[in-house]
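Structure first, commentary second.
Where a number appears in this text, it was derived from the coordinates with a stated rule and is not lab data. It should be emphasised that the depicted structure is a prediction, and the values quoted were computed from it without experimental measurement. FYI the Cβ positions are ideal-geometry reconstructions off the backbone, even for glycines, and counts take in every protein chain you see.
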Amino acid sequence: MTAGEPRLENLGAALERAALDPAAGVRLLDRREHDTWMPWSEVLAGAQAVAARLEASGLEAGDRVGLIYPTGRELIEGFFGASLAGAVPACLPPPPRFGSLKSYGASTSAMLEAGDLRMVLAESRSRKRLAELLTPPQLGVRALEELPPATDRSSRQSGAATADEPALIQFSSGTALAPKPASLSHGSVLGQARLLNSFWPEAEGVRHVGCSWLPLYHDMGLIGCLMTALERPGELVLMPPEVFAARPAIWLRAISRFGATISPATNFAYAYCLEAVREEELEGVDLSGWRVALNGAEPISADVMRAFAERFGRFGFRRESLTPVYGLAEAALAVTFSDVGRPFVSRRFERSSLAPGRRVVEDPAGRELVSVGRPVPGFELAIRDRELTDLDQGGVGRIWTRGSTLMDGYLGRRKATRAVLRDGWLDTGDLGFIYRGELYVCGRAKDVIIVRGRNHSPVEIEQAVESVAGVRVGGAAAVGHFPEGSPREQVLLFVERMRGARSDGCENLAEECRQAVLAQTGLDVDHVEVLAPDALPRTSSGKLRRPEALRRYLAGDLGSP
């Protein structure tokens, strides 16, 4: 948006404006690396056709519509079509190619119920299978072509929604059976997109191009990538997450091939590239144009970022492109940003000082944490103790934030909303501290493990085994558990072995992990369970779902080496 241009009220108006720029749009990339160009004008036409059919089906303004599609044209047109029809879309994950369909059905059904959806649209190939998996069955799952054709009656395709009205439902990271539907307004979504675009202004003749494999049912993919490309307006190269999972080199090749300047990912994805990308797959690749490599959505490892910068520096990648960030769905995404173009900052702190209520102390032999920067424009931070008293700089406590793009609340959940939103401030549920003006995140409040009166962060335990040969980087989850009759909380550590590692050496690998944790943290792990690659449950953004891992382990359903 140029200076002096009126601020857009809703997503429909943003799409209509973007459609005026023939050089802006979405480029869809498939597993064979074939690309299909969709200018925003084409997206608008497709969305208008979807909106007309939704209106003809009896959909009313404000109704909530679930979209279960893989990344592609149908999902994008369906999302904006629902928005043009005055409805509130919610993107949901499609059925997994691998993994438990029973678990998928249960978690997706919980989302449908939590979102109180009026209608669910899905691609025709998977509609019947979804209808069998999901409950309540009376909701129904419909393919777009099954809806009645458009009528000649007056259409609501005028983008008349106000900035305060709901634009979308974004499910926050949580347990599989207790999803939290965050309601985000048009003003919050577009405000967040404007905020993000302010970090990479198009100056000096540079026209930014985004590239993403992140799923559109996650806030970093939907708002951080698709909505920023819409608001700019600009070009986004988009590939399905399963393409990245199968061949991560395609992501790096796409950045090079299409001249992408901005591309976000999770820490796990950077680690996965180190593990799975082969040198011969990068012949001719040039990553020198990748100016902003955002790293967020899960704990950030300095070791992974250093290794990524070193290895892919041979292909032009610059260490200062790595940009650690912090955010969450309830804020419509970003809360803090590191300085763009500055090498990332990490510091080591005495482990015992990282407990809630303590003040951090730097220690060359301590736990290394990565700064996630300062609050983005329009946001504030506060670190608070259990009594909600603000702590001074260096004090460890719960991270609270206040800002211009916070959610309106959890849909239909007043109690849950009141638990996290107080006087305009949001309790993120994360633990951290501000040091030299920048935020450091050191754990989740609910994930803290207490052994003999001492608090231990699961991340600290997990990072202790990252250097153990045979363990996947980012493939460890530590949990606390009170067995029946036990007088104390026991520490369980689940580790995924690397692809190609022998499965008959699990006992040795488990012992090496136990010794690594003992050496780095002084904590004696009660049990180490070695798992197959990709056995640990994760959220759509790659965050470990530790409670779900424990639940599956106790049920005997976590996976085998």
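Quick notes
- Among 121-127, 166-172, 413-419, 45-51, the order from most to least packed when residues are scored by Cβ within 10 Å on average: 166-172, 45-51, 121-127, 413-419
- Judged by the mean number of other Cβ atoms found within 10 Å, the most tightly packed of the peptides 179-186, 372-379, 102-109 leads the ranking 179-186, 372-379, 102-109.
- Counting Cα-Cα pairs of the chain in 10 Å increments starting at 0 gives whole-percent bin shares of 3, 18, 29, 28, 16, 5, 1, 0.
- For the chain, adding -39500 (n - 2.57) for each run of n ≥ 4 DSSP H residues and dividing by the number of residues yields -8000 deg cm²/dmol at 222 nm.
- With θ taken as phi - 60° and the Karplus curve 6.51 cos²θ - 1.76 cosθ + 1.60 applied, the whole-hertz 3J(HN,Hα) list for the stretch 418-435 is 5, 5, 10, 10, 9, 6, x, 9, 10, 7, 6, x, 9, 9, x, 7, 9, 9 Hz, x standing for glycine and proline.
- Close amide-amide hydrogen proximity is noted between VAL471 and MET498, each under 5 Å apart and 5 or more residues distant or on a separate chain (H modeled in the peptide plane; Pro and chain starts excluded).
- Above-threshold pairs, the threshold being 28 Å between Cα atoms, out of LYS128/LYS415; LYS128/LYS543; LYS415/LYS446: LYS128/LYS415; LYS128/LYS543
- Label reach from GLN515 (point 7 Å along Cα→C-beta): in the stretch 456-485, amide nitrogens under 13 Å belong to 468-469.
- Ranking of LEU101, LEU230 by count of other Cβ atoms within 10 Å, fewest first: LEU101, LEU230
- In order along the stretch 57-69, the Karplus-derived 3J(HN,Hα) couplings, from 6.51 cos²θ - 1.76 cosθ + 1.60 at θ = phi - 60°, round to 7, x, 5, 9, 4, x, 5, 9, 10, x, 10, 10, 9 Hz, and Gly and Pro are given as x.
- Figure legend: label point modelled 7 angstrom from the Cα of ALA45 along Cα→Cβ; residues of the stretch 9-32 with amide N under 20 Å from it are 12-29.
- Student exercise, the chain dipole from Lys, Arg, Asp, Glu Cβ charges, in Debye to nearest 20: 500
- Amide H contacts under 5 Å for MET38, placed H, 5+ residues apart: VAL26, ARG27, LEU28
- Over the C-alpha trace of the stretch 512-560, radius of gyration and Dmax come out as 12.5, 33 angstrom.
- Listed peptides 10-17, 142-149, 331-338 by packing density, highest first (mean Cβ within 10 Å): 331-338, 10-17, 142-149
- Whole-Hz ³J(HN,Hα) from phi, Karplus 6.51 cos²θ - 1.76 cosθ + 1.60, for the stretch 371-379, glycine and proline x: 5, 9, x, 10, x, 6, x, x, 10
- Taking N as the residue count of the stretch 259-302, its C-alpha radius of gyration divided by 2.2 N^0.38 Å amounts to 1.26.
- Solution diffusion estimate, µm²/s, Stokes-Einstein, the stretch 11-188, Kirkwood Rh from C-alpha pairs, 20 °C, viscosity 1.002 mPa s: 127
- Taking amide H as placed 1.01 Å from N in the peptide plane, the amide H of GLY409 sits under 5 Å from that of SER183, each at least 5 places away or on another chain.
- Separation of alpha-carbon centers, the stretch 17-79 and the stretch 272-311, rounded to whole Å: 31
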